1. Residues in the stretch B:309-325: is at least one open to solvent by less than 30 Å² (accessible area, probe 1.4 Å) and within 14 Å of another protein chain (Cβ to nearest Cβ)?
2. Of the residues A:Asp234, A:Asp267, A:Asp259, A:Asp245, which single one is among the charged types (D, E, K, R), at negative phi and crowded, with 24+ Cβ neighbours inside 10 Å?
3. In this structure, does A:Glu191 turn out to be within 9 Å of chain B (Cβ to nearest Cβ), open to solvent by 20 Å² or more (accessible area, probe 1.4 Å) and in a loop (DSSP other than H, G, I, E, B)?
4. So B:Pro88 clears everything in (1) farther than 30 Å from B:Val180 by Cα; (2) touching a helix residue (DSSP H, G or I) at 6+ places or on another chain (Cβ under 9 Å); (3) at pLDDT 90 or above except one condition, right? Which one?
5. Is it true that A:Asp68 is open to solvent by 10 Å² or more (accessible area, probe 1.4 Å), part of a loop (DSSP other than H, G, I, E, B) and either away from chain B (no Cβ under 14 Å) or modelled with pLDDT under 95 (or both)?
6. Specify the residue that is farthest from A:Glu306 (Cα to Cα); the eligible residues are those in the stretch A:404-413 that are open to solvent by 40 Å² or more (accessible area, probe 1.4 Å) and not hydrophobic (A, V, I, L, M, F, W, C).
7. Somewhere in the stretch A:149-158, is a residue modelled with pLDDT under 95 and either surrounded by 16 or more Cβ atoms within 10 Å (Cβ to Cβ) or touching a Pro at 6+ places or on another chain (Cβ under 8 Å) (or both)?
Amino acid sequence: MQPGLRFSPAAGPALAALALLGLGAGLPGPAAAQDDTIVIARDNDFNTLDPSRSWCDSCQIYLTAVYDQLVRVGADNETLEPRIASGWTISEDGTRYTFTLDPDAVFSDGSPVEAKDVAFSLLRLKNLKAGASFLADGIAAIDAVDARTVAVTLTAPDPEFLGKVSSPYGAIINADLAAEHGATAGADAAETDRGEEWLLENSAGSGAYVLESYRPDDELRLAANPNYWRAAPDASAIVIREVEDAVSQMQALQSGAVDIAMQVDADTAATVSAPDVVTELVPSFNFVYVALSPGAKALEVELTRELREAVALAIDYEGVLEFTTGGAANLIASPIPPGFPGTKGLPMPKQDLARAKALLAEAGQPDGFTLIAAYPEINIYGVDLSIMMQKVQQDLAGIGVEVQLEPVTFPVWRERVGGDHIPLTAVYFAPDYYGSGQYAGYFGMIPGAGWYGRAGGDEVPGLKNAAMMALMEEVRTASPEAAVDLYHRMALEMISDRVIIPLVNPSLVLAYRKGISGMRYAVCCNLPLEELVKE
Amino acid sequence: MARYLLRRLLAMPLLLLGVATAAFLLGNVVKGDPLASILNERQMNNPEVVAAAKARWGLDRSMPERYAIYLGNLAQGDFGTSFRTKRPVMRDLLDRLPATLELVFSAMLFGSVTGIALGVAAAHWQNGPADHGARLLALIGSSVPVFWSSLIALYVFSVQLGWLPGAGRLDAAIRPPESVTGFLTVDAALAGDWHAFGNALGHLVLPSVMLGWAVLGIISRMIRASMLDVMQQDYIMTARAKGAGTLRVLLRHALRNALVPALTIIGFTFAYLITGAILTETVFSWPGIGSYAVDAARALDHPAIIGVTVLGALAFLTANLLTDIAYVFANPRIRLG
């Protein structure tokens, strides 16, 4: 007979451990976000909170909530509206912009926003040579005419200058406060500036919110700006909580732990039937593309335009949308996404295997060839690049092109794409502001453009697109109406280059709890936090 | 024992220096340009921007120069600045360490105490239902991937049943208590904020149990085996013959001896989890050292990688030392020298 156990104080620790479970079970479950605090689940990609050094999707959300820009894109995602600048004039030659500042504009510490702050902020953006400094490259000088008037002189006419300063990175910083904590804006700012550490802990803006605390990979906490000079935001606090994957974000939303989930993909959204959760599918300006680099050292054949055309024609575009997003995406014709100037009437891509094979034969490669495809192993805007590339691999096999997939981390991809270049790769793009010039200047085969370098433009004869260069020059002085036509022609040139092959224009899922309003996709900043309302 | 401890403590800085040097050298010889994690793809094309970044981060200096600077900074407790978070690595580690320690302490408490209790019960009722039940629990805990079991647990207990809060350390709508220890439960209690305390404790339950379950499996099996061995010893028979009660024989005579091998496992598991609770931290959005290490590795964030490596080494050395000390208390026959 087994002797029975009797209770002894020595058994206390075991009971304590079991109590951990029991105690938890007796605690209140997931509390809905309290009061008017709005809690957002997001997989953040902050590279910093310093406006002049930042460049990321999450940065855009932060910089438009905490800082103001001279102008900002309106709710129609097109029209520029006054913000800190109540008005502006442009010189006849298009090189001098004079802004009149709103006399009501004040920073969160109550001090007025003045011309010196604008000058400091835009010059710091330019001179730090970090983050989105490319947006300010065209600035030659900034004069504080008086406290409420600031004049910006450009090195050359730039019809998109207002668009550029409307981007979140054109944030106007409280110059005195930032300078007090080590920030500089002079020509030597890249060496002398010490402001970042302070700006990671504090904000110095005039936006609807102020930074309360930031713990990387955990949460960003914003509090309503008590001195906000425009209509006060509805929520007294906004917390952006780090939640990495779509499933976890949706779980948090369903349980009431968060009010908004920002990166839920269409597949995950389709599985939700909770009555308190709203999901909407909205079009976006983001897109995912593959790119061919004729200058890549690892190429076994000369990647001529004919071969690039063959690759483009071999892809089953509709199938890619279905394969990657279950159809919750749109086709995209050119590297300028639909909705931007010049994109109306562009021809949508189509698979044409017969033509693709004919092109291969004409180019002396009837049996196909091999392409190494290294790409960042990420899931972006609901598109898993590995899944997308498997589909591309399958499609190209149809014309005898063997694709060797090499998923890599983002830093490794950056190094390879900029170093020896990658024969075939995949990545994504989201706009920095409303304007088609950013696409032409990044994807066009013109010296200085990002993809011109990655495609080996200087080494590969015939890759430089003279027509594109002429159009870029022409658009500088064109009227807004004429610019639309010029951008249309640029889009056609970029399609014809067959270096950038856009594949997916994913729709975004807005997922939030009932009672939240003000949800919208904004070109300026993904989600304008100041517009959110919690009932 | 004092001389032994002193010797071990004096050796620690040398061992840590060795680890830091190895991590620094490895970080510098492996393929991968750190600039690629500092600059975005547009900036990588701009020589001016690349030059400015190299100068700012000291990457324009030779490796010996950087090593000398690194050691000088390390001597002052400065691990450098993270390429990814742009904050001092020491600050990042100190911010995250309490979160990890709170999780690991709770998981180890649950795993160890429950594991020991199950091991003792399994040995006592060998081949009976308790033994089979303990074996099943251990098997599930050790074999089911923690990310899967964690996701299921989150879905069931948080989403469906609503018994427990979900991811994170505290509901976002609750203002965190002022940081004193960094342990949210302790800080909330110190602040007298019982609402935050209850919420933080609730958040701790699921990750602790899921992480502790894996530990439980190993410990319960080890305790069972040791107990079965010890229970055959003559002194156990003697104790029984002297009329000692079952519980007294099991806990006072058998368990103390059977505990020694389990202490080694507990010590090393604790140290391992300081940097190794990666999946649990990821699933539960727990801002700890494990997830920091993974993000640092993904981003080629050398200063952070070295910082985590040194911290991990320190955790192992400390756990090893504490385990040695615990041996003495568990079994007075053991002498350190």
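1. Checked against the condition, which is being open to solvent by less than 30 Å² (accessible area, probe 1.4 Å) and within 14 Å of another protein chain (Cβ to nearest Cβ), the stretch B:309-325 yields no hits at all.
2. A:Asp259
3. Here the answer is no, as A:Glu191 does not meet what is asked.
4. Just one mismatch for B:Pro88, condition (1).
5. For A:Asp68, the condition - open to solvent by 10 Å² or more (accessible area, probe 1.4 Å), part of a loop (DSSP other than H, G, I, E, B) and either away from chain B (no Cβ under 14 Å) or modelled with pLDDT under 95 (or both) - is not met.
6. Per the criteria, the residue is A:Thr409.
7. Looking through the stretch A:149-158, at least one residue is modelled with pLDDT under 95 and either surrounded by 16 or more Cβ atoms within 10 Å (Cβ to Cβ) or touching a Pro at 6+ places or on another chain (Cβ under 8 Å) (or both).
Conditions (1) within 8 Å of chain A (Cβ to nearest Cβ); (2) in a helix (DSSP H, G or I); (3) open to solvent by less than 60 Å² (accessible area, probe 1.4 Å); (4) not hydrophobic (A, V, I, L, M, F, W, C), marked per residue:
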site	(1), (2), (3), (4)
B:Ala36	yes, yes, yes, no
B:Glu48	yes, yes, no, yes
B:Ala52	yes, yes, yes, no
B:Arg56	yes, yes, no, yes
B:Asp60	no, no, no, yes
B:Ile69	no, yes, no, no
B:Leu74	no, yes, yes, no
B:Gly77	no, no, yes, yes
B:Thr85	yes, no, yes, yes
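The values are calculated or read from the model by the stated rules, or taken from the named source; none is laboratory data. Everything numeric here is computed off the predicted structure, so don't read it as measured data. Here the Cβ is made from the backbone with ideal geometry for all residues, glycine too, and neighbour counts use every protein chain on show. Surface accessibility is based on the protein's heavy atoms, side chains included, excluding ligands, DNA and RNA. Shrake-Rupley method; radii C 1.70, N 1.55, O 1.52, S 1.80 Å.
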